[in-house]
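Here's the structure, in structure tokens; my notes come after.
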Amino acid sequence: MAAPYGRAGPFPMMRIAVTGFKGQVATSLLERAGNGVAVVALARPEVTLEDRTAVLEGVARARPDVVINAAAYTAVDKAEQEEWLAVQVNGKGAGHVAEAAAAVGAPLLHLSTDYVFDGALDRPYREDDAPNPTGVYGRSKLIGETLVAERCPNSAILRTAWVYSPFGTNFVRTMLRLNETKEEVGVVADQRGNPTYAPDIADALIAIARRMREDSSPALRGIFHMTASGEATWADFAETIFRQVAARGRRLTRVRRIATADYPTPARRPANSRLDNTKLNETYGVALPDWRASVALCCERLIPLEVR
């Protein structure tokens with residue numbers, strides 16, 4: 001378990017224990033520590049979600065005011081061959097974190113995914129729409145949602161989608177790497193979603209955690225959708241990234257718009273990953289920024305400005 005990050009600020013100190021130490025959201029939370037927030041990372045090998053005892057002991061040692069479960073098995077295609085492991089981490093592991101949060105009396109914020117839906121609707125999904133995952137990853141995350149709700153009623157399940165950041169492996173960093181050598185890339189143009197910046201997620205999680213810590217209202221608990229404002233196809237997302245690249249002095253890579261059928265994958269992707277964030281905004285007053293503005297911030301961090 002890592003040492004806590006943070007310093008005193010104008011808010012009462014809030015101690016957050018977060019799982020998924022090297023993930024995009026956990027890394028963003030560690031960056032955001034301060035202003036009354038201390039973040040304790042619960043990391044492998046000491047804490048693995050599959051190990052109930054390790055999770056219970058790790059959370060208890062952290063002495064958190066709030067627990068955030070940002071750890072997950074996210075290899076969507078690989079999960080089709082590793083269903084047991086995906087369920088152990090995303091399903092049973094989430095249940096262990098919920099049990100641990102309940103044991104220490106701390107609210108739990110649990111991150112879930114658009115993959116709990118099949119993508120067949122012609123509008124953004126709301127929280128009361130029936131889940132219908134089409135692959136192992138989505139099914140394992142839905143199991144986790146169920147266990148979290150059962151074992152820790154003092155919880156908020158936050159579904160997000162299309163997460164990217166300056167850290168780890170994600171779509172933005174993949175496009176930047178391709179830009180180094182490619183004049184043109186084929187990108188899927190018939191899947192729609194909400195590209196969501198992990199640092200924006202971290203900011204929202206901290207705001208939600210503060211409210212949950214101070215207010216026991218049932219209205220603040222349950223399932224919420226939390227993605228960036230605005231929507232895009234993967235091809236739109238890529239074109240926006242490449243325009244940012246070109247504005248900073250590099251080549252402008254062209255996007256060739258292709259169909260999902262032209263880029264087959266072991267796991268089926270939802271054609272519609274859009275999530276409706278109205279409930280989160282009305283309940284918490286939280287709305288994430290427009291995805292285009294956040295892509296610009298991400299690229300600014302990742303691409304040095306080149307003098308032409």
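Every read-out reported here was derived from the displayed coordinates using simple, explicitly stated rules and does not represent laboratory data. In this text, all values refer to a predicted model and were calculated from it rather than measured experimentally. Here the Cβ positions follow ideal geometry from the backbone for every residue, glycine too, while neighbour counts run over all protein chains shown.
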Where both residues lie in the chain, what percent of DSSP beta bridges are antiparallel, nearest 5? 10 percent
With +1 on each Lys and Arg Cβ and -1 on each Asp and Glu Cβ, how big is the dipole of the chain about its Cα centre, in debye rounded to the nearest 20? 760 debye
For the stretch 277-283, in order, what is each residue's ³J(HN,Hα) by Karplus, 6.51 cos²θ - 1.76 cosθ + 1.60 with θ = phi - 60°, in whole Hz (x at glycine and Pro)? 9, 4, 4, 4, 5, 6, 7
Using each residue's phi in the stretch 180-187, evaluate 6.51 cos²θ - 1.76 cosθ + 1.60 at θ = phi - 60° and report the 3J(HN,Hα) Karplus result to the nearest Hz, with x for Gly and Pro. 5, 10, 10, 7, 8, 9, x, 9
For the chain, what does -39500 (n - 2.57) per DSSP helix run (n ≥ 4), summed and divided by total residues, give at 222 nm, in deg cm²/dmol to the nearest 500? -11000 deg cm²/dmol
Estimated dipole of the stretch 160-308 in Debye, rounded to 20 [Cβ of Lys and Arg +1, of Asp and Glu -1, Cα centre]: 320 debye
In straight Cα distance, which lysines are under 27 Å from K22, not counting same-chain residues fewer than 8 positions off? K78, K92, K141
Long-range amide H partners of Y125, meaning residues 5 or more apart or on another chain whose placed amide H is closer than 5 Å, are R274, L275, D276
The stretch 98-208 - charge dipole about Cα centre, Lys and Arg +1 at Cβ, Asp and Glu -1, debye rounded to 20: 200 debye
For helix 94-104, report the angle its Cα long axis makes with the longest principal axis of the Cα atoms of the chain; keep it between 0 and 90° and round to the nearest 10°. 40 degrees
By the scheme Lys and Arg +1, Asp and Glu -1, what is the net charge of all other residues having a beta-carbon under 14 Å from that of D114? +3
Working from Cα positions, state the angle (0 to 90°, nearest 10) between the long axis of helix 198-214 and the longest principal axis of the chain. 20 degrees
Helix 52-62: angle to the longest alpha-carbon principal axis of the chain, degrees 0 to 90, nearest 10? 80 degrees
What is the distance in Å between the Cα centroid of the stretch 165-236 and that of the stretch 90-162? 16 Å
Grab the eigenvalues of the alpha-carbon gyration tensor for the chain, scale each by 5, take roots, and send me the semi-axes largest first in whole angstrom. 31, 23, 18
Phi-derived 3J(HN,Hα) across the stretch 285-295 with the Karplus relation (6.51, -1.76, 1.60, θ = phi - 60°), rounded Hz, x for Gly and Pro, is x, 10, 9, 6, x, 4, 4, 5, 5, 6, 4
